[in-house]
Amino acid sequence: MRPVDPRLLTHARTTRAFLAGSVLLGAAGAVLVVVQAGLIAEIVVRAFQQHAYGLTGPLLWLAATAVGRAAVAWLTELTAHRSVARVKSTLRGRLLEHATALGPSYLAGRRTGELTALATRGIDALDDYFARYLPQLALAVVVPVVVLARILGADWESAAVIAATLPLIPLFMVLIGLATQARMDRQWEGLARLSHHFLDVVAGLPTLKVFGRAKAQARTIARVTDEYRRATLRTLRIAFISSFALELLATLSVALVAVSVGFRLVDGTLGLETGLLVLILAPEVHLPIRQVGALYHSSVEGLTAAGQIFEVLETPLPAAGTRPVPPLRGADITLTGVTVTHPGRTAPALDGVTLTLGPGTTTALTGPSGAGKSTLLAVLLGFTPPTAGSVRIGGTDLADLDPAEWRRQIAWVPQHPQLFAGTIADNVRLARPDATDQQVRAALAAAHATDFADPAAVLGEGGAGLSAGQRQRIALARALLADRPLVLLDEPTANLDGESEAAVVDAVRALGEGRTVLLVAHRPALLAVAGHRHHLPGPPLPPTAPAQHD
């Protein structure tokens, strides 16, 4: 893994200014270290060897140098934290925007928990990388060069010893880093698996409780959590061992310099001030590099997550058209031989469908489970491109139309509509934020939702507090308020009681006035609303082996 991922410079331009600032601050800090070491050596020699006690000037300079080093450290921390806040905000926004633009077909191939972990814990893990690792990396490049140059000017023999032993630390860092990266990859996979499994269990908790499977899933979560705990402890074990190895190498290097300086001080070939200067500066050469090795372990999780974030960001977006959408209220929507085969599968999910949706008509789409009804809706939404065949809007191929403009013409009500934490009015206004209170109430009345839906009532996340039928009617009110020329409905009366079904059917009938409606339906009450029907045959049954007789 590279110390600085160049993709950070592409996707977060703030990183460039931050790296430049870190190098400048590191150079200033290195100069202050050299000045401080020279002042300490001068004060000690003048006080204890020369017995000169007029040290007011050097002591004031020493205090000023200490204040300067503190100011440089403070500026480095301040720059790091402000930069990481901007970088995290930029990356999180781009990740969500790009993942949304990739569409449901891409998201269906990834685990929800994995993307959630990337957008939250993964991006937050960049804190240590930016706030500590990158500034220390700049110090590890600048400080050893400046300090070693000063030691070379004072005592070339000590500089030669340090230069010979210094490369051992990066060498061991690379070897340890390779082992750490492999462990961290497994740890991150465990975290993503735990996050995904936990989200699935929480989403399906009511069903699990009904069938008495909640405790079994709790045991599964406990097992995955324990695996993640063990992976984390293995990573920490390597981190502690690596810190010991780096400290040992640095200590041996400084000890060799100290022995050499001590012998030359005894035989008088080296002055006391020079010896003190070398002994004070020798640990400063190794310190930044040792700190890089120690901080690498705290930042490697962020680097691992960043690599997966960049994989998502670098996934090419599906080809999109640019032509304007023709007026849908007077245009036919024609599907001709539309076939969809998902990647990695041989059997088509949708096979040769030919269908025409006339303007202002309501068409019911029927067929057994697996016939491709939801896939056909995804094709019309522009999320799933046909493998073969075409979809034409008034003579224009759907692939040539601007997808954003096309979707602005569609009101989409899925089988399980998504409601958000907020008032009922906020949920209904989702497609038309500028709608008035009177328009919201009219939409709720048309959806037969006024008996339970006070526009000012506050809902929980996912519409908590409402039944399935009530959530459907809120979603239909949202579609009525949007007033789009094309309405797509996916099983709007599934799993509803008779009273809720009747209310939803009336709302669907209201939606069909002056709009083109395509609805997936099985229930007779909903089929009665449609003026046209189109049946999709189910997938062919797999061939069975002929019976064998003795």
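The values are calculated or read from the model by the stated rules, or taken from the named source; none is laboratory data. Everything quoted here is computed from the prediction, not taken from an experiment. So basically every Cβ, Gly included, is an ideal-geometry build from the backbone, and we count neighbours across all protein chains shown.
Figures for the structure shown
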{"read-out": "Test: residue 116 is at pLDDT below 80 and more than 26 Å from residue 286 (Cβ to Cβ)", "value": "yes"}
{"read-out": "Whichever residue in region 442-454 is buried (at least 18 other Cβ atoms within 10 Å of the Cβ) and not small (Gly, Ala, Ser) and, among such residues, is farthest from residue 502 (Cα to Cα)", "value": "444"}
{"read-out": "Residues located in region 60-87, provided they are modelled with pLDDT under 85 and either crowded, with 18+ Cβ neighbours inside 10 Å or in a loop (DSSP other than H, G, I, E, B) (or both)", "value": "76, 79, 80, 83, 84, 87"}
{"read-out": "All positions within region 455-469 that are modelled with pLDDT under 85 and more than 33 Å from the chain's Cα centre (by Cα)", "value": "469"}
{"read-out": "Unique residue being in contact with a helix residue (DSSP H, G or I) (Cβ under 6 Å, 6 or more places away or on another chain) and at pLDDT 65 or above when the list is 136, 187", "value": "136"}
{"read-out": "Entirely in region 396-468, the helices (runs of 4 or more DSSP H) that have 3 or more residues that are touching a Leu at 6+ places or on another chain (Cβ under 7 Å) and not polar (S, T, N, Q)", "value": "437-446"}
{"read-out": "Close pairs from region 340-367: first buried (at least 20 other Cβ atoms within 10 Å of the Cβ), partner among the charged types (D, E, K, R) and outside any strand (DSSP E or B), Cβ under 8 Å, at least 6 apart", "value": "357/332; 365/373"}
{"read-out": "Residue tally, condition more than 34 Å from the chain's Cα centre (by Cα) and surrounded by fewer than 15 Cβ atoms within 10 Å (Cβ to Cβ), over region 412-441", "value": "3"}
{"read-out": "Residue 115 in the same structural domain as residue 250 (by TED's automatic domain parsing), closer than 30 Å to residue 343 by Cα, under 15 Å from the mean Cα position of the chain (by Cα) and not acidic (Asp, Glu)", "value": "yes"}
{"read-out": "Neighbours by Cβ (under 7 Å, 6+ apart or cross-chain): first from region 409-424, on the phi > 0 side of the Ramachandran plot and hydrophobic (A, V, I, L, M, F, W, C); second surrounded by fewer than 14 Cβ atoms within 10 Å (Cβ to Cβ) and assigned to a loop (DSSP other than H, G, I, E, B)", "value": "none"}
{"read-out": "Selection within region 16-69 - among the hydroxyl-bearing types (Ser, Thr, Tyr) and over 19 Å from residue 279 (Cβ atoms)", "value": "22, 53, 56"}
{"read-out": "Region 251-274, residues that are outside any helix (DSSP H, G or I) and either polar (S, T, N, Q) or crowded, with 16+ Cβ neighbours inside 10 Å (or both)", "value": "269, 270, 271"}
{"read-out": "Residues located in region 455-493, provided they are touching a strand residue (DSSP E or B) at 6+ places or on another chain (Cβ under 9 Å), buried (at least 16 other Cβ atoms within 10 Å of the Cβ) and either of a type in the set (Gly, Ala, Ser) or not assigned by TED's automatic domain parsing to the domain that holds residue 360 (or both)", "value": "475, 479, 482"}
{"read-out": "Residue list for region 453-462, restricted to those being touching a Lys or Arg at 6+ places or on another chain (Cβ under 9 Å) and farther than 14 Å from residue 425 by Cβ", "value": "462"}
{"read-out": "Strands (runs of 3 or more DSSP E) wholly inside region 275-366 that include at least 3 residues being touching a Cys at 6+ places or on another chain (Cβ under 7 Å)", "value": "none"}
